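Notes follow the structure.
The numbers here are math on the coordinates, done by the rules we state, and not lab data. None of these values were measured; they are calculated from a predicted model. Cβ placement follows ideal geometry from the backbone for every residue including glycine, while neighbour counts extend to all protein chains displayed.
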Amino acid sequence: MAETQERYYATGKRKTAIARVWLSPGTGKIIVNKKDFDEYFYDHLVARYVVEQPFRLTGTEGKFDVYCTVKGGGKNAQAEAIRHGIAKALLEYHPDFRPPLKKAGLLTRDARVKERKKYGLRGARRGQQYSKR
C-alpha cells in the first residue's frame, strides 16, 4: 500500500489572481505553475520576499515544499495571492500560527479590484471636460 504524505491545501486571492497552494513537509522548494519559483518570477525581484513572508513570521523557513498553480492578474498580484494561500495553508498545519499571521494582515483577503466603467463617463469616475464657452 502506498504511503500517504501529509499535504495542506488552501486558496489565496488578490485582485483577479487566484492561487491554489499545496504545502508538504520538505526543504523549502517552491514550484509555481510547474516551473521553479525563480524561473516563473525571473523579472520580479520582490516576489520571493513577499511569498516567503508567512514562513518568516511563523519560523517555518525551509520546512515546507510549496506547489502552487496561479492564474489571472499580474505578477505582483499573483505573488500576493500565493502568500495569502500559504498563510491559510499554514493555519491548517498549525492553528496556533493565527496571531502572528493575523497581526501582519496575511489572512485578510485584499478585496480591492478595479472599478467598472460607467455609461456617460470616460472612465469609472472621469466625466467629460466642462467648458463654459
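Scanning region 39-67 for residues that are within 16 Å of the chain's Cα centre (by Cα) and exposed (fewer than 13 other Cβ atoms within 10 Å of the Cβ) yields a total of 4. The listed residues are Glu61, Glu92, and the only one of them that is in contact with a helix residue (DSSP H, G or I) (Cβ under 6 Å, 6 or more places away or on another chain) and among the acidic types (Asp, Glu) turns out to be Glu61.
Checked against (1) among the aliphatic types (A, V, I, L, M); (2) part of a strand (DSSP E or B); (3) surrounded by 20 or more Cβ atoms within 10 Å (Cβ to Cβ), Ile18 passes all but a single condition, namely (3). Here is the figure for region 56-71: residues that are under 14 Å from Phe37 (Cα atoms) and of a type in the set (A, V, I, L, M) total 2. Inspection of region 70-78 finds a residue satisfying the criterion of being basic (Lys, Arg), under 14 Å from the mean Cα position of the chain (by Cα) and exposed (fewer than 14 other Cβ atoms within 10 Å of the Cβ).
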